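Structure first, then comments.
The values are calculated or read from the model by the stated rules, or taken from the named source; none is laboratory data. Every value quoted in this text rests on a predicted model; they were computed, and no experiment measured them. FYI the Cβ positions are ideal-geometry reconstructions off the backbone, even for glycines, and counts take in every protein chain you see.
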Amino acid sequence: MSIKAVSPLKVGIVGTGYAATKRAEALKSDARTELLVVTGNTPEKMQQFCQTFAVAAVDSWSRLVNLPELDLVFVCTINRDCGAIAKAAILAGKHVVVEYPLALDLKVATEIIELAAAQQKLLHVEHMEIIGGLHQAIKHYLPKIGKVFYARYATISSQHPVKCSWKYHRAMFGFPLAAALSRIHRLTDLFGTVDTVTCQNRYWHGADSDYFTACLCNAQLNFSNDIVAEVTYGKGDIFWQSHRTLEVYGEKGKILFIGEKGTLITEQNQIEIPVTPRRGLFAKDTAMVLDYLFDEQPLYIQPQASLYALRVASAAQESSSLGKTIYLT
């Protein structure tokens, strides 16, 4: 695909939360873009967003994506709606950047990627963890631990009290490992293709069964290169302490990350793994998108990589529903 954008690129944002705010900050600081409009689900937040960034508001995402003056749309809204918005924006002739997941349904995500290719429009599904310091440090130190045979990645988020928000709504948030797709994508980026997936998922519900107060999802991934990996994602009010742990075991050592603190453990010694801070990743990702559109500089990721991670997440959902191992190959 050959795309050569003309400055200033006219941009709209769907969403007014944290990701949308970070995108707006990056766009406002780049002379190649002009942020024109925003839409959101909460009138008060939308008004504040418009005042902060001096942009206009529109009353629906369908209206925003069809504005003829826009060239590029950032989709930074609830997981359930991302696929429909991205598809509509591409059909309206816009380039699209969407925060993962592209869609909660694998078939829908596949259709959107095919549509973007047919329309010769950029579709960028961000996975900025891949360009983050922690992931790059793991890649750098992997050769030092020899042949990898096991990995464990656990993310637990304690929340007290749990607010009745879309992040705790089963349909709006989606299946935990699809909603938190970066957990799987980090592993597939490191270790390649997956043969089988076995998964268990549990919800704790409040008075309204559409909302949950906690979830715990655990999947075992058996990779084609004989690596076994476990990924655990949990959040809510049954947990009393938050933590993130990533362990990679090799025949000559181990890589351990607790939060952002990394350690290389071998027979000889233990050394600290330096990690570039996470700060600035939204700006970096946004700049790379613009570099691609204006100068055809290659992006760090293709949407097919995100789609494959979603395929593994969909297999995990099927496994948890049927109570059996799902074969991908």
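Here is a yes/no grid of residues against (1) at pLDDT 95 or above; (2) assigned by TED's automatic domain parsing to the domain that holds Ala20; (3) surrounded by fewer than 16 Cβ atoms within 10 Å (Cβ to Cβ); (4) hydrophobic (A, V, I, L, M, F, W, C):
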{"position": "Val38", "(1), (2), (3), (4)": "yes, yes, no, yes"}
{"position": "Glu44", "(1), (2), (3), (4)": "no, yes, yes, no"}
{"position": "Gln51", "(1), (2), (3), (4)": "yes, yes, yes, no"}
{"position": "Asp59", "(1), (2), (3), (4)": "no, yes, yes, no"}
{"position": "Asp71", "(1), (2), (3), (4)": "yes, yes, no, no"}
{"position": "Ala86", "(1), (2), (3), (4)": "yes, yes, no, yes"}
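Residues that are among the hydrophobic types (A, V, I, L, M, F, W, C) and closer than 20 Å to Asp237 by Cβ within the stretch 176-211 comprise Ala179, Ala180, Trp204, Ala207, listed in sequence order.
The residues in the stretch 262-281 that are surrounded by fewer than 14 Cβ atoms within 10 Å (Cβ to Cβ) and touching a residue at least 60 places away in the same chain (Cβ under 8 Å) can be counted, and the count is 3.
State all residues of the stretch 27-85 that are of a type in the set (A, V, I, L, M) and farther than 14 Å from Ile13 by Cα; if no residue qualifies, say none. Hits for the stretch 27-85 are Ala31, Ala84. I'd like to check something: does the stretch 151-165 contain any residue that is under 17 Å from Ile255 (Cα atoms), basic (Lys, Arg) and in a strand (DSSP E or B)? Yes, some residue in the stretch 151-165 is under 17 Å from Ile255 (Cα atoms), basic (Lys, Arg) and in a strand (DSSP E or B).
For Gln220, are the conditions met, namely being within 23 Å of Ile145 (Cβ to Cβ), in a strand (DSSP E or B) and polar (S, T, N, Q)?
yes
Among the residues of the stretch 172-181, is any surrounded by fewer than 21 Cβ atoms within 10 Å (Cβ to Cβ) and part of a helix (DSSP H, G or I)? Checked the stretch 172-181: at least one residue is surrounded by fewer than 21 Cβ atoms within 10 Å (Cβ to Cβ) and part of a helix (DSSP H, G or I).
When the residues of the stretch 18-33 are filtered to those that are in contact (Cβ under 8 Å) with a residue 60 or more places away in the chain and in a helix (DSSP H, G or I), which remaining residue is farthest from Ala283 (Cα to Cα)? If we take residues in the stretch 18-33 being in contact (Cβ under 8 Å) with a residue 60 or more places away in the chain and in a helix (DSSP H, G or I), then Ala19 is farthest from Ala283 (Cα to Cα).
Every listed requirement among (1) more than 24 Å from Val148 (Cβ to Cβ); (2) within 22 Å of the chain's Cα centre (by Cα) is met by Leu187 save one, (1). Within the stretch 193-219, residues that are closer than 14 Å to Phe173 by Cβ have Cβ atoms under 6 Å from residues that are outside any strand (DSSP E or B) and of a type in the set (D, E, K, R) in these pairs: Thr213/Asp237; Ala214/Asp237, counting only partners at least 6 apart in sequence or on another chain. Criterion first (modelled with pLDDT under 95 and small (Gly, Ala, Ser)) does Ser165 satisfy it? Against the criterion (modelled with pLDDT under 95 and small (Gly, Ala, Ser)), Ser165 qualifies. The single condition from (1) surrounded by 18 or more Cβ atoms within 10 Å (Cβ to Cβ); (2) aliphatic (A, V, I, L, M); (3) modelled with pLDDT of 95 or more that Ala154 fails is (1). Please determine whether any residue of the stretch 282-294 is in contact (Cβ under 8 Å) with a residue 60 or more places away in the chain and among the polar types (S, T, N, Q). Yes, there is a match, as at least one residue in the stretch 282-294 is in contact (Cβ under 8 Å) with a residue 60 or more places away in the chain and among the polar types (S, T, N, Q). Of all residues in the stretch 162-189, those that are among the aromatic types (Phe, Trp, Tyr) have Cβ atoms under 6 Å from Cβ atoms of residues that are not in a helix (DSSP H, G or I), 6 or more apart or on another chain, in Trp166/Ile78; Tyr168/Val162; Tyr168/Tyr211; Tyr168/Phe212.
Taking Gln317 as the residue in question, decide whether it is outside the structural domain of Ala31 (by TED's automatic domain parsing), assigned to a helix (DSSP H, G or I) and farther than 26 Å from Arg32 by Cβ.
Yes; evaluated as a whole, the condition is true for this residue.
Among the residues of the stretch 183-210, those that are surrounded by 23 or more Cβ atoms within 10 Å (Cβ to Cβ) and part of a helix (DSSP H, G or I) comprise Arg183, Ile184, His185, Arg186, Leu187. Listed by position, the helices (runs of 4 or more DSSP H) inside the stretch 34-102 whose residues that are farther than 28 Å from Ala178 by Cβ and either in contact (Cβ under 8 Å) with a residue 60 or more places away in the chain or hydroxyl-bearing (Ser, Thr, Tyr) (or both) number at least 1 are 43-53. When residues in the stretch 282-309 are screened for being over 14 Å from Glu126 (Cβ atoms) and assigned to a helix (DSSP H, G or I), 6 of them pass. Among the conditions (1) surrounded by fewer than 18 Cβ atoms within 10 Å (Cβ to Cβ); (2) out of contact with any helix residue (DSSP H, G or I) (no Cβ under 9 Å at 6 or more places or on another chain), Asn225 misses just one, which is (2).
From the list His124, His140, the one residue that fits, being of a type outside the set (A, V, I, L, M), touching a strand residue (DSSP E or B) at 6+ places or on another chain (Cβ under 8 Å) and under 19 Å from Tyr300 (Cβ atoms), is His124.
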